[in-house]
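Where a number appears in this text, it was derived from the coordinates with a stated rule and is not lab data. Computed from a prediction, not measured in an experiment: that's the story for all the values here. Cβ placement follows ideal geometry from the backbone for every residue including glycine, while neighbour counts extend to all protein chains displayed.
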Amino acid sequence: MFWKILHNFYGLSCTTPSSTDVTAPNTGYTTESKSDFKLTIFLAIFGAMIGLLLLVLSFYCFKRTIQEKRGLLFYTEDHSYHCEAIDQFISFLNMSKCKLEVAARLVKGSDPSRLSLEIQESDFIILVYSKALHKRIQAWKSNQDYINFLKEDNSALLTASLLGELEESNKLIICKFPQVPNSSVSSEFPSVKCYTLTKELNLLIQQIHGRGVDHELAVLDKNNKLNHNSLTNTIKNATNFEENSSYWFEDKYICPKKMESLNEMPDYAENFSDGCEHSIYSIPISYILEQINEYNDSLV
């Protein structure tokens, strides 16, 4: 029986059987067996290819990384607590694959046209809307500004025309801290999406990265808990400072002046020649008021 099977499968005979055992070859059966064998091989190869493809797709879906986005950040330097919260905000976004560049640092000492180029090349733009920025925008509407904003790199970079350029780029996203009313933002940027930090932080990240990466964002968020907690704490500190210091803005920025006066006033930076960095609090308020009054008297 074994030799018959081999004979039928290969169409050969390995021994010389007796005349009584010789039978006519079963040609139909042999052809059918070969066809079945080839079909089995084909199905096995095809199945292996499908399995490999599914394995690759599964690996890609679960192991893929989110593409890093690059953005520009604009803000006013309201007070030290506000700036600390901004620093933590930058750290959090960087850990969320959102590389955030501070615009004032990026273009400092460069050709002014570079800012427009950076705006074009960025994936997104964030403007932190604060109480100080809101008051400054109101002053701009009266052709006024606060001199002390011009002493701060990040604040000095902002102008009414620049805000218009940012909005026209269609990349602008507004972020604010809880103490800033929604009405303040919507009155100035009605068509721009605004997110309150940290309440809507995840929604902000989703807008930056787009849809289809929810699983990856969840993993990033889980690994970013420490930065999230630090950001939450610094925002609380900034909120508490503003709530407990009702006149912090007036104490720091004093009162607005006409644009013409500010453009003609001397640069106070020349008073600091020791090579050190100074905050606006390094200048006595009385000294600033005295200089402003003297300049105004000279115009009379």
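On the principal axes of its alpha carbon atoms, the range 69-253 extends 48, 41, 31 Å, with the longest extent given first. Magnitude of the charge dipole for the range 69-253, about its Cα centre and with charges confined to Cβ atoms of Lys, Arg (+1) and Asp, Glu (-1), is about 340 debye. Potential lengthening of the chain between Glu243 and Gln179 amounts to 22.2 nm, from the contour at 0.36 nm per residue minus the alpha-carbon distance.
Sorting Ser113, Ser245 from the fewest to the most surrounding beta carbons within 10 angstrom yields Ser113, Ser245. Note on Asp111, Asp87: ascending count of other Cβ atoms within 10 Å places them as Asp111, Asp87, the fewest first.
Beyond 29 Å in Cα-Cα separation lie the following of the pairs Lys97/Lys193; Lys199/Lys258; Lys131/Lys151; Lys171/Lys199; Lys151/Lys236; Lys141/Lys199: Lys199/Lys258; Lys141/Lys199. Taking a point 7 Å from the Cα of Asn94 along the Cα-to-Cβ direction, none of the residues of the range 160-191 has its backbone N closer than 16 Å to it. The label-point distance for Leu106 and Asp123, in a model that sets each label 7 Å from Cα toward Cβ, rounds to 1.3 nm.
Listing Cys175, Cys255, Cys83 from fewest to most neighbouring C-beta atoms within 10 Å gives Cys255, Cys83, Cys175. Expressed to the nearest 5 percent, the antiparallel share of DSSP beta bridges inside the range 69-253 is 0 percent. Our note on the geometry: Cα centres of the range 132-171 and the range 238-254, 19 Å apart.
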